[in-house]
Each structure stands twice: as structure tokens, then as C-alpha cells.
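Data block below; observations after.
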Amino acid sequence: MTVNRAPDLKTVLLASGLILTLAMGVRHGFGFWLQPISQAHGWTRETYSMAIALQNLMWGAFGPFAGMAVDKFGTARMVTLGAVLYAAGLLWMALVDQPTLFIAGSGILIGAALACTAFGAVSGIIGRTAPAEKRSWAFGLSSAASSFGQFAMMPVEQQMITHGGWQNAFYVLAALLLLLMPAMAWKLREPAVSHGAGPQQSIAEAIREAFAHRPFRLLVAGYFVCGFQLVFIGVHMPAYLKDQGIMDPNVAVSALALIGLFNIFGSYYAGKLGGQFPKRYLLSAIYITRSVVIALFLLAPLSSYSVYAFAAAIGLLWLSTVPLTNGVIAGIFGLRYLSMLSGFVFFSHQVGSFLGVWLGGYLYTRTGNYDLVWGITLALGVFAALVNLPIDEKPIARNRAALASAA
């Protein structure tokens, strides 16, 4: 009889890092397909924006359920399922030219795939493997891996579209996901998690406990803003730059790659600092600094150099909220339902993502520019900075008698 041994931290970080590199690297490049797909099918930007918006919303909606499945069945199985769904979603985007079917199919398939392969899916095994004193650092390192994917894959995806065509680019990426993701998932097999003797908290009790806890609700509210800001910028930046007269596509490619490059450092050091300072203050500082950086970008004369400076600055702040947010959840509620609770918080992030990418396309279609969405993005950054300040990071005091009666 073969018994799975728990993987060591190095193996978990390497395997989950490559999974995140692929999952997030492909996802961050979807903005490059906006114009070629819209032109090929005769669609407005709103149609493609709605498809990407639905992907983000479904990613969030499936997140808690994927987290429950990860906590129950293990990371390896869910990542393998996610790889299959991801490839199917990319093929759907390549082949379907009816707007409603394109939006629904790609939204559901890729949304579910990301729920099974991105941060929520791997946070549980990282949290269980890393010792408490290294947990925030480990979360930061995994976030840095996803940023490396953005940095490394942005130029590759753009070149695929330019030289091979937008449909062939989808075919190649689908094959890459099927080839590499299941192999990495195999490295994340672990024995059934033992939660010790005595009364155990049920899923329903964990959900009720979390949403009754004010710090959790504040974290949910702040993460909504993170999703809105990042996906609006990531998807609409190439089109925005063209509208402003920067016609060289390499500027947008370089900008998105710079975001990924600088976020490697931002995510890593956010996780490292999260082990030394209160995470709520770091989160608040990240959100307010984002608003400052965006305001300076909009006020400064636009050039390729100002775009690169903006990309570097916003890159330092891009996914640096992820290790801190997961660290707060683990610190307050423990590791038992970390993947599930991270999924609920991430659902808020993805509701923000949905609105950010959809409003970008909707308001552009109605007004002919992105000015109003930029203003909303600025205001939300200030809001998020304020709601993160009062978060209490102390571990929750559970009613053991209530747990015993429910067991």
C-alpha cells in the first residue's frame, strides 16, 4: 500500500509557483486579445469586456466551492481539473464567434479553471506546509511567482498573436497548460489532513463565524477594490494607450511586463514585511499609494516613459495585497478552512474585477473615454485604505462548548 508523504516546503513553493506562473500569466494577457477578437467578429469593446468580466465573476463565485473541494480532496486533484477546464476555455474563445455563447462559455470555463488553479487553490497547502513564522513570506513568494508569469508571458503572448494569429495563440497556450499543470499538481499530493481529536468545526459553522466577525467583513470590502483596480488597468491599458496616441503596441506590452517584473519584488517583500509589521497597516498603505500613483500618472504628460514609470510603481503594489490578506485570514481563523475562507474573500475581489473590466468597456462605449472609470478607481483606493485600518488581527476566540454540542 502506497502512502502519500507530505511534500516539503521547497517542493510546494516550486510546484505551486509554476502553476501560478501559468494560470496568472495566461490570464493577465487577455487584454491583448481585446482588439483582434473584436475586429475579427465585428464586436464593440463591450462584448469582449463582458466576457472577461464574467470570467472574473465566475472565478470568484466558484472560489469558495473550489476551496471547500481543495480542503476535502486535496490540491492536486483540483489543479488537474482546473488545467482541463482552462484549456477548454481557451479553445472556446478561439472557436466560438456568437457573442452570447462566447461570453457565457469562456466566462464559466475559465472562471472555474482559475478558481481551481490560482491563489485560493494553493493557499491551503502553502499555509499547512510553511511554519507559522514563515507563512506570510511563503504567501509572498507564491504571489511573486504569479507576477513572474505576467512578466515572462506578456511578450510571448503578444508575439504569438502578432506572428501566429490570435486563434493559434490560444491553441498553443491550451496545449502548454495541459502539458505542465497536471505534472506540477502531482507534486502537491499530500496525505489526508489530520485536524486532531476533539470537537471539530463544520463548514457551515466556519462560514457563519467568519461573516459574523467584523475584521473579516472589512477584509472582504477592501479586497473588492483590489479586484476593480487591477483588472481595469490590466485589460484596458493597451486600448487606453492607443486612444491617447501611443500607437506602438510594444509600449503596452512592456508596461504590462514591467508590472509583472516589479510585482515580483512587491509581493515578496509585502509577504516578508507581513511577518514583522501589522498587516492591516501595510494593506492600508498599499491602497492609498495606488491612488497616489494613478493620480500622478493621469496628471503627468503622457509618454512612453511616463507609462513605464507608472507600470513600475503600480507593479510594486499589484498583488502585494495577496500574501497580506491570506496571512490575516490564517492568523484570525487558522488553517482548517483557509482555502475556503480565502475563496469567499476572493469572491469580493472578483466582483470588483467584474465591475472594473465591464465598466471600462461600458463607460467607454457610452462616453468615448475612460475618464470616469479612472476617477472611480482613485476614489475606491481611498475607501480601501480606510476600511483596512481598523482590522483586528488577533486569533478568534472560539466557543468550544458550542463546537462540542455540534460535533
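The values are calculated or read from the model by the stated rules, or taken from the named source; none is laboratory data. Keep in mind that what you see is a predicted model, and the values were worked out from it rather than measured. For neighbour counting, all protein chains shown are included, and Cβ atoms are generated from backbone atoms with ideal geometry for every residue, glycine included.
For the condition of a type in the set (Gly, Ala, Ser), assigned to a helix (DSSP H, G or I) and modelled with pLDDT under 85, what is the one hit in Ala53, Ala61?
Ala53
Going by the conditions given, is Lys72 within 19 Å of Trp186 (Cα to Cα) and part of a helix (DSSP H, G or I)?
Working: within 19 Å of Trp186 (Cα to Cα): yes; part of a helix (DSSP H, G or I): yes.
For Lys72, the condition - within 19 Å of Trp186 (Cα to Cα) and part of a helix (DSSP H, G or I) - is met.
Any residue in the range 251-278 that is in contact (Cβ under 8 Å) with a residue 24 or more places away in the chain and of a type in the set (Val, Ile, Thr) sitting within a Cβ distance under 6 Å of a residue that is buried (at least 22 other Cβ atoms within 10 Å of the Cβ) and not in a helix (DSSP H, G or I)? List the pairs, counting only those 6 or more apart or interchain.
Ile259/Trp318
List pairs: first residue in the range 81-100 and within 12 Å of Leu173 (Cα to Cα), second residue of a type outside the set (S, T, N, Q) and surrounded by fewer than 21 Cβ atoms within 10 Å (Cβ to Cβ) anywhere in the structure, Cβ distance under 7 angstrom, at least six positions apart or on different chains.
Sorted first by the residue in the range 81-100, then by its partner, the pairs are Ala83/Leu178; Ala83/Pro182; Ala87/Leu178; Ala94/Tyr171.
Kindly indicate whether Ala295 is within 20 Å of the chain's Cα centre (by Cα) and under 24 Å from Val373 (Cβ atoms).
In short, no.
So Val251 ticks every box in (1) in contact with a Lys or Arg (Cβ under 7 Å, 6 or more places away or on another chain); (2) farther than 26 Å from Ala138 by Cβ; (3) of a type outside the set (S, T, N, Q) but one. Which box is left unticked?
Status for Val251: all satisfied but (1).
Please report, ordered by residue number, the helices (runs of 4 or more DSSP H) entirely within the range 115-228 with at least 1 residues that are over 22 Å from the mean Cα position of the chain (by Cα), among the charged types (D, E, K, R) and on the phi < 0 side of the Ramachandran plot.
Hits in the range 115-228: 203-212.
Identify all residues within the range 328-371 that are touching a helix residue (DSSP H, G or I) at 6+ places or on another chain (Cβ under 7 Å) and free of Cβ contacts under 8 Å to residues at least 12 places away in the same chain; write none if there are none.
Passing the criteria: only Leu363.
Here's a check for you: in the range 5-35, which residue that is β-branched (Val, Ile, Thr) and buried (at least 18 other Cβ atoms within 10 Å of the Cβ) is farthest from Leu101 (Cα to Cα)? Before the answer, list the steps.
Narrowing the range 5-35 to residues β-branched (Val, Ile, Thr): 11-12, 19, 21, 26.
Still in the running and buried (at least 18 other Cβ atoms within 10 Å of the Cβ): 12, 19, 21, 26.
Details: Val12: 37, Ile19: 28, Thr21: 28, Val26: 21 Å.
Result: Val12.
Go through the range 318-346 and report how many residues are among the aliphatic types (A, V, I, L, M) and in contact with a Gly (Cβ under 6 Å, 6 or more places away or on another chain). Write out each step before concluding.
In the first step, residues of the range 318-346 are kept if they are among the aliphatic types (A, V, I, L, M); the result is 319, 322, 324, 328-330, 332, 335, 338, 340-341, 345.
Filter once more, so that each one left must be in contact with a Gly (Cβ under 6 Å, 6 or more places away or on another chain): 324, 330, 335, 338, 340.
Adding up the residues that qualify gives 5.
When both residues are 6+ apart or on different chains and their Cβ atoms are under 6 Å apart, which pairs have a first residue that lies in the range 125-136 and is under 20 Å from Ile19 (Cβ atoms) and free of Cβ contacts under 8 Å to residues at least 40 places away in the same chain, and a second that is polar (S, T, N, Q) and crowded, with 21+ Cβ neighbours inside 10 Å?
none
For the subset of the range 297-320 comprising residues that are touching a residue at least 60 places away in the same chain (Cβ under 8 Å) and closer than 18 Å to His28 by Cα, which member is surrounded by the fewest Cβ atoms within 10 Å (Cβ to Cβ)?
Within the range 297-320, the match that is surrounded by the fewest Cβ atoms within 10 Å (Cβ to Cβ) is Val307.
Of the numbered conditions (1) out of contact with any helix residue (DSSP H, G or I) (no Cβ under 8 Å at 6 or more places or on another chain); (2) part of a helix (DSSP H, G or I); (3) at pLDDT below 95, Met247 fails exactly one; give the number of that condition.
Only one criterion in (1) out of contact with any helix residue (DSSP H, G or I) (no Cβ under 8 Å at 6 or more places or on another chain); (2) part of a helix (DSSP H, G or I); (3) at pLDDT below 95 is unmet by Met247, namely (2).
Criterion first (in contact with an Asp or Glu (Cβ under 8 Å, 6 or more places away or on another chain), over 23 Å from Ile37 (Cα atoms), of a type outside the set (Val, Ile, Thr) and buried (at least 24 other Cβ atoms within 10 Å of the Cβ)) does Gly124 satisfy it? Steps first, answer last, please.
Numbers: in contact with an Asp or Glu (Cβ under 8 Å, 6 or more places away or on another chain): yes; over 23 Å from Ile37 (Cα atoms): yes; of a type outside the set (Val, Ile, Thr): yes; buried (at least 24 other Cβ atoms within 10 Å of the Cβ): yes.
Here the answer is yes, as Gly124 does meet what is asked.
Condition check ((1) polar (S, T, N, Q); (2) within 28 Å of Arg366 (Cα to Cα)) across all residues:
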| site | (1), (2) |
| --- | --- |
| Glu46 | no, yes |
| Leu101 | no, yes |
| Ser106 | yes, yes |
| Val122 | no, no |
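Residue under question is Gly67, and the condition is that it be out of contact with any Asp or Glu (no Cβ under 8 Å at 6 or more places or on another chain), closer than 30 Å to Gln39 by Cβ and either of a type outside the set (A, V, I, L, M) or at pLDDT below 90 (or both); does it hold? Lay out the reasoning, then the answer.
Numbers: out of contact with any Asp or Glu (no Cβ under 8 Å at 6 or more places or on another chain): yes; closer than 30 Å to Gln39 by Cβ: no; either of a type outside the set (A, V, I, L, M) or at pLDDT below 90 (or both): yes.
No.
May I ask you to list the residues in the range 356-388 that are in a loop (DSSP other than H, G, I, E, B) and either basic (Lys, Arg) or crowded, with 17+ Cβ neighbours inside 10 Å (or both)?
Our first condition is that a residue be in a loop (DSSP other than H, G, I, E, B); within the range 356-388, this holds for 368-370.
Selection gives Tyr370 alone.
Mind checking whether some residue in the range 36-48 is buried (at least 20 other Cβ atoms within 10 Å of the Cβ), among the aromatic types (Phe, Trp, Tyr) and assigned to a helix (DSSP H, G or I)?
Yes, because at least one residue in the range 36-48 is buried (at least 20 other Cβ atoms within 10 Å of the Cβ), among the aromatic types (Phe, Trp, Tyr) and assigned to a helix (DSSP H, G or I).
Within the range 262-272, take every residue that is buried (at least 20 other Cβ atoms within 10 Å of the Cβ) and hydrophobic (A, V, I, L, M, F, W, C) and give me the one that is farthest from Ala23 (Cα to Cα).
The extreme case among them is Ala270.
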